[in-house]
Amino acid sequence: MDELDLRLIAELQENLPLTVAPYRTLAERLGVSEETVIARLQALHASGKLKRIGAVLRHQNSGYAANAMVVFKAPPDEMERLGKLLAESPLVSHCYERAPCAEWPYTLYAMMHGRNMETIEEFVSIFALEHGVERFDILRSEEELKKSSLSFF
Amino acid sequence: MLQERNMDNADRKLINLLQEGLPLERDPYGVFAAKLGVSREEIVERTGALMREGIIRRLGGVFDSGAMGYSSMLVGAHVPEDIFGDAARFVNAHPGVTHNYRRSGFLNMWFTLSTVCDEERDAFLEELRRRFALSQVFPFPRLRSFKLRVFFDMEGA
């Protein structure tokens, strides 16, 4: 990556200009041609650095009023099956296996979004009962302390 | 899963297209305009309105932090109530902290910390422990991903 890539990335970390030809507007700001900007964007995308230029929604305002991080203590030999099952639920946006520690035994994490907390609680209690998961916890999002995009360089 | 708003079908379709991403070609909104049957100008106008209303938090580059050389870690901490605000301000001031939530339960602060090296992360967590006398600050490394979805279907409900 060169100086122009870095300046382009810096621009893209802000909001895209609200114009009918946003890449042309970016090109004007950077003092290069629209073709150059598009070629750089395509190269950043091809290298995997730029996933997309798109919209990130504010979940709460888009109708997902209740959010929780749900944690399960999944038996190691059940991890794969339970993880895949959770991943199938439309209520689950992210699902990971994570290392536990002595003070925190949970190993399977799911970010869940629902119309209300009851939707999430009902899903989780049925899931835990059906699959014999004895320890789990629903960590409600009580306050968003920070939410931002990572700034590079 | 929509809140009652003055969003119409074209808005919902537009939000879905914008989440998938703009074509990386000369006339991105022309592509959308053809799909939605509205003009480029109207797309820009609607997008601006959705941003002002707060439905769209950001419209811009979405980067793969791993490909950019960063690694991220989820951290859970037990922070006493009387120092919670100060600790949150300290954590939030780190540019690599992208998400921080107060959550119900024993570990009541959860944040994600992206750093270019493990040493930077460890040093920051050590400083957090020391400064606020916290004994329970735990990094939870990701071992496996089962799902990572950032697309919310606006037409599905």
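Computed from the coordinates by the stated procedures, all read-outs in this text should not be read as laboratory data. Here the structure is a predicted model, which means the values were calculated and not measured. Cβ coordinates were reconstructed from backbone atoms using ideal geometry, including for glycine residues, and neighbour counts include every protein chain displayed.
Taken residue by residue and averaged, Cβ atoms of other chains lying within 10 Å of the Cβ of B:92-103 number 5. Taking all Cα-Cα distances within segment A:60-140, those exceeding 14 Å account for 59%.
Please work out the Kirkwood hydrodynamic radius for segment B:71-140, using every pair of different C-alpha atoms, and report it in angstroms with one decimal place. Please list the in-between numbers first.
Details: mean 1/r = 0.0840 Å⁻¹.
Value: 11.9 Å, from the Cα pair sum.
Do any GluC sites (Glu not before Pro) in segment B:18-102 lie in a loop, going by DSSP, with at most 13 other beta-carbon atoms within 10 Å of their beta carbon, and if so which?
Answer by residue number: B:25.
Projected over every direction and averaged, the convex hull enclosing the alpha-carbon atoms of chain A yields 12.4 nm². Largest GNM mean-square fluctuation across A:108, A:91, A:57, computed for chain A with C-alpha springs under 10 Å, falls on A:57. Loop by DSSP (not H, G, I, E, B), at most 14 other beta-carbon atoms within 10 Å: where is the longest site-free stretch of chain B for trypsin sites (Lys or Arg not before Pro)? Excluding the exposed sites themselves, the longest stretch runs over B:27-148. With a Förster radius of 45 Å applied to the C-beta separation of residue B:9 and residue A:101, the computed FRET efficiency comes to 0.40.
For peptide A:78-85, the mean count of partner chain Cβ atoms within 10 Å of a residue's Cβ comes to 2.
Using alpha-carbon pairs under 8 Å, 6+ residues apart, how would you state the relative contact order of chain B in percent? Walk me through the intermediate numbers first.
On the way: 149 pairs, mean separation 43.8, N = 157.
Across chain B, relative contact order equals 28 percent.
Normalised by the number of residues in segment A:60-140, the average gap of Cα pairs under 8 Å and 6 or more apart makes the relative contact order 43 percent. Placing a label point 7 Å from the Cα of residue B:118 along the Cα-to-Cβ direction, the residues of segment B:44-82 whose backbone N falls under 14 Å of that point are B:71-73.
Restricting segment A:1-52 to GluC sites (Glu not before Pro) that sit in a DSSP loop and have at most 13 other Cβ atoms within 10 Å of their own Cβ leaves A:14. For chain B, take the longest principal axis of its alpha carbons; what is the angle in degrees between that and the long axis of helix B:118-132, to the nearest 10 within 0 to 90? Once rounded, one gets 60 degrees.
Taking all Cα-Cα distances within segment B:4-64, those exceeding 15 Å account for 48%. Report, in listed order, any pair from A:51/B:13; A:51/A:147; A:49/B:35; A:147/B:35 with a Cα-Cα distance greater than 23 Å. Violating the 23 Å Cα-Cα cut-off are A:49/B:35; A:147/B:35.
Can you give the average number of partner chain beta-carbon atoms within 10 Å of each beta-carbon in peptide A:9-18, as a whole number?
Numbers: counts 3, 1, 2, 4, 5, 4, 7, 8, 3, 6.
Average neighbour count from other chains, rounded to a whole number: 4.
For segment A:3-46, dividing the convex hull volume of the Cα atoms by the residue count gives 67 Å³ per residue. Expressed as a whole percent, the proportion of Cα-Cα pairs in the protein assembly as shown lying more than 29 Å apart is 43%.
At q = 0.11, 0.21 Å⁻¹, what is the log10 ratio I(q)/I(0) for segment B:9-157, with the Debye formula run over Cα points and no solvent? Here the Debye-derived log intensity ratios amount to -0.62, -1.23. Tell me, what is the FRET efficiency for residue A:1 and residue A:58 to the nearest 0.05, using R0 = 30 angstrom and their Cβ-Cβ distance as r? Efficiency, rounded to the nearest 0.05: 0.50.
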